[in-house]
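**Student:** Here it is, the structure, as structure tokens.
The values are calculated or read from the model by the stated rules, or taken from the named source; none is laboratory data. Quick caveat, the model's predicted, so the values are computed rather than measured. Please note: Cβ atoms are built from the backbone with ideal geometry, for glycine as well, and neighbour counts cover all protein chains shown.
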Amino acid sequence: MMGMGGLIQVARFHSLDRRRSLAGIPNLARTHRIFDEAGGAMAVATITTSAQFASRSGPITFRTAIRITANAGQHRGLILEIGGTTNGIAIWVGDQTIGFHAGPAGTANGATALFDNGSELPVGLEMDLVCAVIPGKGLVRMWGNGREIARGAASNGLFSPMAWSGSGNGSFATGPSTTAVSDAPAASTGSPAGFEVIEPLSVYQKQIPRHFI
């Protein structure tokens, strides 16, 4: 017979699974899992873009999770960056924001989705993040714990060039490999501070969640 602790664990598992299903993740086939497997750590200083993402023209989805650990105006930094200053992917945390940019810098040929909490993100907050992009439609979406929290669109209607990133190398859960796309605020382009990345990066190339509308 299952005790109360077991019942709570089961309920939490199904709650988390339901949140993820709302973003369509179970229906996607993961193509990449990125973390420092050899070192047993989360941070990856160099993602070799030309080798791991030779094609960057189609839809793509990224998923990871973060936990806020400080609430004194000091939780900021990069979750993921790929590419470079003028064209790239960036997912970042600001003191009260979580942002996602894909494609060329700016919002004419690239797009940014920005969630603004209105006040500092609270200590202890855990957020399962899903970010997806369709370069051919110029659209980006971001989900937090299964709910859409931000969206953006390129004003030209598609990315030009039609790719979600340039060929520059990237990084995960640490500072930039070289430079992050300029749409990421300067204060948020360093290593995570006041928050931690708590789940490896899952990538679903050529796929988007079913709720991407």
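**Student:** Assigned to a loop (DSSP other than H, G, I, E, B), in contact with a Leu (Cβ under 8 Å, 6 or more places away or on another chain) and among the small types (Gly, Ala, Ser), is that true of Gly168?
**Tutor:** So Gly168 does not fit the description; no.
**Student:** Return the only residue of Arg141, Arg151 being in a strand (DSSP E or B), in contact with a Cys (Cβ under 8 Å, 6 or more places away or on another chain) and under 23 Å from Gln96 (Cβ atoms). If you could, list the steps in order and put the result at the bottom.
**Tutor:** Numbers: Arg151 fails: in contact with a Cys (Cβ under 8 Å, 6 or more places away or on another chain).
The unique qualifying residue is Arg141.
**Student:** Could you pull out the residue among Asp116, Asp128 that is over 14 Å from Phe172 (Cα atoms) and touching a helix residue (DSSP H, G or I) at 6+ places or on another chain (Cβ under 8 Å)?
**Tutor:** Of the residues listed, the single one that is over 14 Å from Phe172 (Cα atoms) and touching a helix residue (DSSP H, G or I) at 6+ places or on another chain (Cβ under 8 Å) is Asp128.
**Student:** Within the set of pairs 6+ apart or on separate chains, which have a first residue in the stretch 97-119 that is within 12 Å of Ile149 (Cα to Cα), a second that is among the polar types (S, T, N, Q) and part of a loop (DSSP other than H, G, I, E, B), and C-beta atoms under 6 Å apart?
**Tutor:** Cβ pairs passing all conditions: Asn117/Gln96.
**Student:** Check the stretch 91-99 and report whether any residue there is more than 11 Å from the chain's Cα centre (by Cα), crowded, with 23+ Cβ neighbours inside 10 Å and not in a strand (DSSP E or B). Full working, then the answer.
**Tutor:** Within the stretch 91-99, the first condition is being more than 11 Å from the chain's Cα centre (by Cα), and the residues that meet it are 94-97.
Cutting the leftovers down to crowded, with 23+ Cβ neighbours inside 10 Å gives us none.
No: the stretch 91-99 contains no residue that is more than 11 Å from the chain's Cα centre (by Cα), crowded, with 23+ Cβ neighbours inside 10 Å and not in a strand (DSSP E or B).
**Student:** Restricting to the stretch 120-138, count the residues that are touching a strand residue (DSSP E or B) at 6+ places or on another chain (Cβ under 7 Å), under 26 Å from Ile47 (Cα atoms) and in contact (Cβ under 8 Å) with a residue 40 or more places away in the chain.
**Tutor:** Looking only at that region, the number is 8.
**Student:** Looking at Ala72 and the list (1) modelled with pLDDT under 95; (2) in contact with a Cys (Cβ under 8 Å, 6 or more places away or on another chain), which single condition is not satisfied?
**Tutor:** All conditions pass for Ala72, except number (2).
**Student:** Another question about this same structure. Would you mention how many residues in the stretch 31-78 are hydroxyl-bearing (Ser, Thr, Tyr), over 25 Å from Leu125 (Cα atoms) and in contact with a Leu (Cβ under 9 Å, 6 or more places away or on another chain)?
**Tutor:** Residues in the stretch 31-78 being hydroxyl-bearing (Ser, Thr, Tyr), over 25 Å from Leu125 (Cα atoms) and in contact with a Leu (Cβ under 9 Å, 6 or more places away or on another chain): 0 in total.
**Student:** State yes or no: is Phe159 in a loop (DSSP other than H, G, I, E, B), touching a residue at least 24 places away in the same chain (Cβ under 8 Å) and aromatic (Phe, Trp, Tyr)? Even if it seems obvious, please write down each step before you answer.
**Tutor:** Details: in a loop (DSSP other than H, G, I, E, B): yes; touching a residue at least 24 places away in the same chain (Cβ under 8 Å): yes; aromatic (Phe, Trp, Tyr): yes.
So Phe159 fits the description; yes.
**Student:** I would also like to ask the following. Residues of the stretch 160-213 being hydroxyl-bearing (Ser, Thr, Tyr), over 16 Å from His101 (Cα atoms) and buried (at least 21 other Cβ atoms within 10 Å of the Cβ), which ones?
**Tutor:** Looking only at the stretch 160-213, we keep the residues that are hydroxyl-bearing (Ser, Thr, Tyr), and these are 160, 165, 167, 171, 174, 177-179, 182, 188-189, 191, 202, 204.
Imposing the further condition that a residue be over 16 Å from His101 (Cα atoms) reduces the set to 174, 177-178, 191, 202, 204.
Across the stretch 160-213, the qualifying residues are Thr174, Ser177, Tyr204.
**Student:** A further question follows. Kindly list the number of the only condition in (1) surrounded by fewer than 16 Cβ atoms within 10 Å (Cβ to Cβ); (2) in contact with a Pro (Cβ under 6 Å, 6 or more places away or on another chain) that fails for Gly110.
**Tutor:** Failing condition for Gly110: (1).
**Student:** So how many residues does the stretch 8-48 have that are modelled with pLDDT under 95, surrounded by 15 or more Cβ atoms within 10 Å (Cβ to Cβ) and β-branched (Val, Ile, Thr)?
**Tutor:** Qualifying residue count, the stretch 8-48: 1.
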